[in-house]
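*Asks:* For reference, the structure I am asking about is given below.
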Amino acid sequence: MKKSTKAFIALMILIGGLFMVFSLNGKRTEEQQKRDLETSIAKLLVHDYEGVETIKFQGWGRSRETGSWGTTVIINGESRMSLSFDRLSGLKEISGSSYHPDTFKLVEKSGIEDLDPIMYRVKDIEKVSLKGIRIIHSAE
């Protein structure tokens, strides 16, 4: 084999290897963002609702049309809430939340209705302790 052919093959292998490393790293970063956001959502739920003991994340989905992300959370095994985000970067990116009023059993803490929207309360929410709260992340 010619020297130039060997060099070309070696270069292609190197480029392929680098591509694999960067694509795997991107996937890992996305998974870490999801886990971090799940932890922040758990803190939000503990901050805003009474009696939160267990939080289970059902996984993530992404809308091809809007690019937004969504997850469903089951709290205390019975109350289900869906949340959507413009990006995975944090609670400031929340674009909506919903639950069915007939099946959602949690009670908002006193004074919650007087607080600013979530995006303006992130610093206070992030200070919340999750000690004693069982969290089941979507990747588990």
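*Asks:* If you average the sequence gap of Cα pairs under 8 Å that are 6 or more apart and divide by the length of the stretch 35-136, what percent do you get for the contact order?
*Replies:* On the way: 168 pairs, mean separation 33.0, N = 102.
For the stretch 35-136, the relative contact order is 32 percent.
*Asks:* Continuing with this model, one more query. Once the Cα gyration tensor of the chain is diagonalised, what are the square roots of 5 times its eigenvalues, in whole Å and ordered largest first, as equivalent ellipsoid semi-axes?
*Replies:* 42, 15, 14
*Asks:* Okay, next question. Connecting C-alpha atoms closer than 10 Å in a GNM of the chain, tell me which of Leu83, Leu45, Leu115 has the biggest fluctuation.
*Replies:* Leu115
*Asks:* When ranked by the protection proxy of mean other Cβ atoms within 10 Å per residue, highest first, what sequence do the peptides 95-102, 119-126, 47-54 form? List each step's numbers first, then the result.
*Replies:* Values: 95-102: 11.2, 119-126: 13.0, 47-54: 15.0.
Order by mean packing, descending: 47-54, 119-126, 95-102.
*Asks:* Would you look at the GNM of the chain, springs on alpha carbons closer than 10 Å, and say which of Lys109, Lys34, Lys92 moves the most?
*Replies:* The residue that fluctuates most here is Lys109.
*Asks:* I'd like the per residue volume of the convex hull spanned by the Cα atoms of the stretch 89-128, given in cubic angstrom. Mind dumping the intermediate values first?
*Replies:* On the way: hull volume 4.2 nm³, N = 40.
Cα-based convex hull of the stretch 89-128, divided per residue, equals 104 Å³.
*Asks:* Moving to a separate point now. What ranking of Leu91, Leu130, Leu37 emerges when the number of other C-beta atoms within 10 Å of each C-beta is taken as an exposure proxy, fewest first? Could you put the intermediate results ahead of the total?
*Replies:* Working: Leu91 18, Leu130 14, Leu37 23.
Going from least to most buried by this count: Leu130, Leu91, Leu37.
*Asks:* Can you give the % of DSSP beta bridges in the stretch 35-136 that are antiparallel, to the nearest 5? Intermediate values should be presented prior to the final figure.
*Replies:* Details: 18 of 21 bridges.
So the antiparallel bridges amount to about 85 percent of the total.
*Asks:* Using the number of other C-beta atoms within 10 angstrom as an exposure proxy, rank Val73, Val107 with the fewest first. Intermediate values should be presented prior to the final figure.
*Replies:* Details: Val73 23, Val107 10.
The most exposed by this proxy come first: Val107, Val73.
*Asks:* Which lysines have a Cα less than 23 Å from the Cα of Lys127, not counting those fewer than 8 places away in the same chain?
*Replies:* Lys127 reaches Lys34, Lys43, Lys56, Lys92, Lys109.
*Asks:* Once you've got the GNM for the chain with C-alpha springs shorter than 10 Å, pick whichever of Arg64, Arg35, Arg87 has the biggest mean-square fluctuation.
*Replies:* Among Arg64, Arg35, Arg87, the largest GNM mean-square fluctuation belongs to Arg64.
No value in this document is a laboratory result; all are computed from the given coordinates. Treat the numbers as computed from the prediction; the structure is a model and nothing was measured. Reconstructed Cβ throughout: ideal geometry from the backbone, glycine too, with neighbour counts over all protein chains shown.
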